Every structure is written in C-alpha cells, then in structure tokens.
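Trainee: This is the structure, below, for whatever I ask next.
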Amino acid sequence: MRFEILVRLIVPDPWSFTVLDTLRRKFGLTEIEEATRFRTWLLSLDTPRESSAKAIIDRLLGETALLANPNRDMWFVRSPHEMIPDSFWRRSISGSEVFVIRVIDIDDIIGRARQEVVRQRLGITEIKSITFSTLWMLEIAGDSKRARRIAEEVAVARRWRKGLLANPHSQKALVGSLDEYLEGLLDERAQA
Amino acid sequence: MKRSVAIIQFPGVNCEYETARAASEAGLEARIVRWNSDPQLLRGFDGYILPGGFSYEDRVRAGAIAACDDIVDVIRQEANKGKPVVGICNGAQVLVESGLVPSRDPGSVELALAPNRGMGRLGYYCDWVFVKVSCEPERCVITYDLDPGEILPIPIAHAQGRFTSSIPGLFDKLEDAAQIVLKYCTPDGDVPGGFPEDPNGSEHFAAAICNPEGNVVALMPHPERSAWLRQVPADLKGKWSQRRRELRGKWQELEGKGPGMGVFRSMRAYIEASLS
C-alpha cells in the first residue's frame, strides 16, 4: 500500500520565490506565473487495511518530527489517485496550466536515513520503504503544449540557464501535468 | 605592480573575508565584489575567486541559483580570455552547475557535486583531509607553484562534495587529460582505502577538477583555512603538523605560511606568468 505525504511550509517559502524569480528574470520564462514547492515522502507499507496504514502514518506524523515539523509545516497524506484538497493547495492563477516536476536524488540518502530511523529506532516494521522527493508545481500561462515544453525545459539543468530543478548527474526529474500526477502516472513512469 | 583578484560575494557565502586575507598575504590585491555589482567593474580584475559558504541558502541545490547570476556570465567571458577562476567549496559547486568545469563540452553541465557518500551517516562533514597534487604543477592555476606529488593537509566542510557524472567514461577522460588536479589521499600520499581519507566518495578521489585550459578550477577543500601554520592541527601526520609541533609557543613563527597558502601563491604566479 502506497501513500504520499505532501509537506509544505506554513509561512511563505523562500525557495519557491527564488525559483520563480530565477526562472522568470534570469531564464526569461515569464509564462511561469507561480511556483510552489512541496517536500514529499513516498511510503510503501505492508498492512492488511488502508485504515491501519493510515494509523501508522498518523502516529509517525503526530509523535515525531521526522517527516514534518508541526511548528513550521502543514501536510496532507494522500492515497494513490486522491485529489489534493483546496485547503492544502489550489492553483493561484486561474486559466493557467499546472505542471508537476518531481525531483529525486539518485542516492536518496534522506529517504534511506529516515527509513532506518523508522525501522530501527521506532520499531515500525510495516513501513517497507521511504522515498524523499521535492515536488514543484509550476503554473504556466499559455497553451498546454507550450507549457509542457517549458516544464520539461526547466526540469533538468543541461546547460547554463537551460534547466534548473534537477542535476541529471545526481538526480532524476519526472515531469507531468497535474492530472497525470494525480492519476499516479509520474510514479508509474518512474517504476517503468 | 600587484595583480588583482575579485572575491565574489554571493548572498549567503561566508568565507569571503578569510579568502581575501589569504589572497592578500600571497601578494594579490584582493577585493570583495558583490554579486549584483556592475558587471563591467569585474572586467578590470586579473582573476576571480568564488569563495565558500551557502550561496542563496543552497536553495534548489548547492550553487545552482548563483550559477544562473549575470555575474557568472561575465566571469565565463573573462575565463574564455584566459583569466584564472578558482571556486572554493560552494564556489566549486557554482562552477560545476554553470558548466564552467570541466567544460569538455563548453557550457554543458557535465558533473554534479552530489551528497557525500560512504561516511555511514547523512549530511555535512567537516575534517582535515590530505590531498595530493596529481598533475604537472604548470597544468593549472592552483598547482602552479606547488611541487609535483606534493601532499597538503587541508580542511573540508561540505555536505555535497562528491564529484560524479552520468556521462560514461567522463572521469577516465578527465584523468587522461590531467584535469583532476588534486586527489584525496592518505597522509603518505597513497590511494585512500575508504572513509575518512576519502571523505565523500568522489569519483577517482577527485578533490579539484580544472577545465581543459587549466585556468578554471573547482576545488572542494578550503585552502584559506590552512593558509597559516597556526591553523594546522598539531596531531596530524606529515611534515606540516610536525613543523607545527616544533613551533609550539613560538607565536610569531606560527604566523608563517601554511599548506593552503600554496594555492593562492600559485594563483599569483599563474597570473604573473600569463601576463608577462
């Protein structure tokens, strides 16, 4: 059973401002109207029922600050194919296309370290794997085709000011529309 | 006439003053220049140093945002004229992210400075390590005044210092072209058996990589933190620590040059040779 925990700052996120400013002002991509960053944890659990899996995750989030810190973060635990509620995130620019870029470190040292703590120190053996990623949601003006091209261009740093969010030598980037992300297609592509 | 270097102060760097001091001690006229200064101001300098720290708070990735600044484009243009550019730690990350190093395909991002690997725990690692000159001294700006095979004790302080690439065979090519100019080693200069002599799992034990021309170098250790003998710990192996022990209590002599000063001295010699 797989769940994704989306974590974002309660306060304005300077990383998102920096990325938006860099892409608009330095890359000249003024079609990008908004950038939002989430830290995400993909958890794979071995439990008989969804309710017991969610109870384990609630315990992890409620009793530790391992995946999110309640003093600065808010989070949403998402089952596969579940929508993101408006109270957690909604597009700020109506009419724009939303593209999602998931960036994962090839080594994923952060995810592996958290998994070790969860299993060895907290004794939660039902969690089989934890993968950390940074999820960027870009709101891009214009038609869908052009917006997808921009999202794909900024996802991977290949040349100076051509790509930003992932370095292809140490990270991988998965790019898709918001619908593709919500349908789980990004992660299916990653597994493929 | 003193040769001048600009120490580039991106928001979030924290080694600019020590770097300027070490460069001055080596006989260079060092001036700290802010990242948003008039780019034309930069053109008058004979060389450039990108110091260590956390430019833009390491947002997105260490060095990734600073690499996109206009000032980096000016530095690229000046480097193309043959002027020396040295990136130290975070400065090295900026040079790698901007495609200035290793520049086998100019402008292309061919490397990453990935998270450290092999130390058995996550994150930032600070320690003294040993590096060895692994090229002919004239090969590049930071080895110009060092001896072939010279071993330097020098501090590192980074979380993302592992030179790596997904391009097959790239490191063999860099090795063949003598672009890996400093390598981590044991105190005797041998190949490290693992952590901690190899502090981050860098491919081919690379601690510094230059561009094909040798005038642009990405250097992960901090030479400005070992520029004076008093900075060298007395309990390391090797001649530098032995010297440090011998001079215990002799404060004036401890103000003498340390192993890292060779990097700045090399930069000065390189500039003077290229301008003569």
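The values are calculated or read from the model by the stated rules, or taken from the named source; none is laboratory data. On a predicted model such as this, the values are computed, not experimentally measured, just so you know. Virtual Cβ from ideal backbone geometry, glycine too; neighbours counted across all protein chains shown. Calculation scope for accessible area: heavy atoms of the full protein, side chains included, ligands and nucleic acids excluded. Shrake-Rupley method; radii C 1.70, N 1.55, O 1.52, S 1.80 Å.
Trainee: Within segment A:91-192, considering only helices (runs of 4 or more DSSP H) that don't extend past its boundaries, which have at least 3 residues that are under 28 Å from B:ALA114 (Cα atoms) and not basic (Lys, Arg)?
Mentor: Numbers: elements: A:109-116, A:144-155, A:178-182, A:185-191.
The helices (runs of 4 or more DSSP H) meeting that bar are A:109-116, A:144-155, A:185-191.
Trainee: Continuing with this model, one more query. Given the options A:ILE104, A:ILE150, A:ILE57, A:ILE93, name the one that is touching a strand residue (DSSP E or B) at 6+ places or on another chain (Cβ under 6 Å), within 14 Å of another protein chain (Cβ to nearest Cβ) and not small (Gly, Ala, Ser). Working first, answer last.
Mentor: On the way: A:ILE150 fails: within 14 Å of another protein chain (Cβ to nearest Cβ); A:ILE57 fails: within 14 Å of another protein chain (Cβ to nearest Cβ); A:ILE93 fails: within 14 Å of another protein chain (Cβ to nearest Cβ).
Testing whether each residue is touching a strand residue (DSSP E or B) at 6+ places or on another chain (Cβ under 6 Å), within 14 Å of another protein chain (Cβ to nearest Cβ) and not small (Gly, Ala, Ser) leaves just A:ILE104.
Trainee: Checking B:GLY249 against (1) open to solvent by 30 Å² or more (accessible area, probe 1.4 Å); (2) outside any helix (DSSP H, G or I); (3) at negative phi, which test does it fail?
Mentor: (3)
Trainee: Based on this model, can you work out whether B:TYR56 counts as of a type outside the set (Asp, Glu), in a strand (DSSP E or B) and within 27 Å of A:THR22 (Cα to Cα)?
Mentor: On the way: of a type outside the set (Asp, Glu): yes; in a strand (DSSP E or B): no; within 27 Å of A:THR22 (Cα to Cα): yes.
Judged against the criteria, B:TYR56 is not a match.
Trainee: Turning to a different aspect of this structure: Is there a residue in segment B:88-99 that is surrounded by 23 or more Cβ atoms within 10 Å (Cβ to Cβ), within 11 Å of chain A (Cβ to nearest Cβ) and assigned to a loop (DSSP other than H, G, I, E, B)?
Mentor: Yes, some residue in segment B:88-99 is surrounded by 23 or more Cβ atoms within 10 Å (Cβ to Cβ), within 11 Å of chain A (Cβ to nearest Cβ) and assigned to a loop (DSSP other than H, G, I, E, B).
Trainee: Give the residue that is most open to solvent (accessible area, probe 1.4 Å), with candidates limited to residues of segment B:1-29 that are hydrophobic (A, V, I, L, M, F, W, C), in a strand (DSSP E or B) and closer than 21 Å to B:ALA157 by Cβ. Break it down stepwise before answering.
Mentor: Here is the first cut: in segment B:1-29, the ones hydrophobic (A, V, I, L, M, F, W, C) are B:1, B:5-8, B:10, B:13, B:15, B:20, B:22-23, B:26, B:28.
Cutting the leftovers down to in a strand (DSSP E or B) gives us B:5-8, B:13, B:28.
Among the residues that remain, those that are also closer than 21 Å to B:ALA157 by Cβ are: B:7-8, B:13.
Details: B:ILE7: 0, B:ILE8: 0, B:VAL13: 17 Å².
Only one residue tops the list, namely B:VAL13.
Trainee: Given the conditions (1) within 14 Å of chain A (Cβ to nearest Cβ); (2) at pLDDT below 95, report the number of the one that B:PRO196 does not fulfil.
Mentor: Just one mismatch for B:PRO196, condition (1).
Trainee: Determine, yes or no, whether A:GLN120 is of a type in the set (S, T, N, Q), within 14 Å of another protein chain (Cβ to nearest Cβ) and loosely packed, with under 14 Cβ neighbours inside 10 Å. First the steps, then the outcome.
Mentor: Numbers: of a type in the set (S, T, N, Q): yes; within 14 Å of another protein chain (Cβ to nearest Cβ): yes; loosely packed, with under 14 Cβ neighbours inside 10 Å: yes.
So A:GLN120 fits the description; yes.
Trainee: Inspect segment A:157-177 for any residue being more than 14 Å from chain B (Cβ to nearest Cβ) and out of contact with any Leu (no Cβ under 6 Å at 6 or more places or on another chain) and give the result as yes or no.
Mentor: Looking through segment A:157-177, at least one residue is more than 14 Å from chain B (Cβ to nearest Cβ) and out of contact with any Leu (no Cβ under 6 Å at 6 or more places or on another chain).
Trainee: Follow-up. Within segment B:154-161, is even one residue touching a strand residue (DSSP E or B) at 6+ places or on another chain (Cβ under 8 Å), hydrophobic (A, V, I, L, M, F, W, C), assigned to a loop (DSSP other than H, G, I, E, B) and open to solvent by less than 40 Å² (accessible area, probe 1.4 Å)? Lay out the reasoning, then the answer.
Mentor: The first filter runs over segment B:154-161 and keeps only residues touching a strand residue (DSSP E or B) at 6+ places or on another chain (Cβ under 8 Å), leaving B:154-161.
Okay, now just the ones that are also hydrophobic (A, V, I, L, M, F, W, C), so B:154, B:156-157, B:159.
Now restrict to residues that are assigned to a loop (DSSP other than H, G, I, E, B): B:159.
Subset that is open to solvent by less than 40 Å² (accessible area, probe 1.4 Å): B:159.
For segment B:154-161, residues touching a strand residue (DSSP E or B) at 6+ places or on another chain (Cβ under 8 Å), hydrophobic (A, V, I, L, M, F, W, C), assigned to a loop (DSSP other than H, G, I, E, B) and open to solvent by less than 40 Å² (accessible area, probe 1.4 Å): present.
Trainee: For A:TRP136, only one of the following conditions fails: (1) under 13 Å from the mean Cα position of the chain (by Cα); (2) more than 14 Å from every other protein chain (Cβ to nearest Cβ); (3) not β-branched (Val, Ile, Thr). What is its number?
Mentor: Every listed condition holds for A:TRP136 apart from (2).
Trainee: Which count do you get for residues in segment B:118-153 that are part of a strand (DSSP E or B), open to solvent by less than 30 Å² (accessible area, probe 1.4 Å) and more than 23 Å from B:GLN179 (Cβ to Cβ)?
Mentor: So in segment B:118-153, the residues part of a strand (DSSP E or B) come out as B:125-133, B:151-153.
Filter again for open to solvent by less than 30 Å² (accessible area, probe 1.4 Å), leaving B:125, B:129-131, B:133, B:152-153.
From what is left, the residues that are more than 23 Å from B:GLN179 (Cβ to Cβ) are B:125, B:153.
The number of residues fulfilling the criteria is 2.
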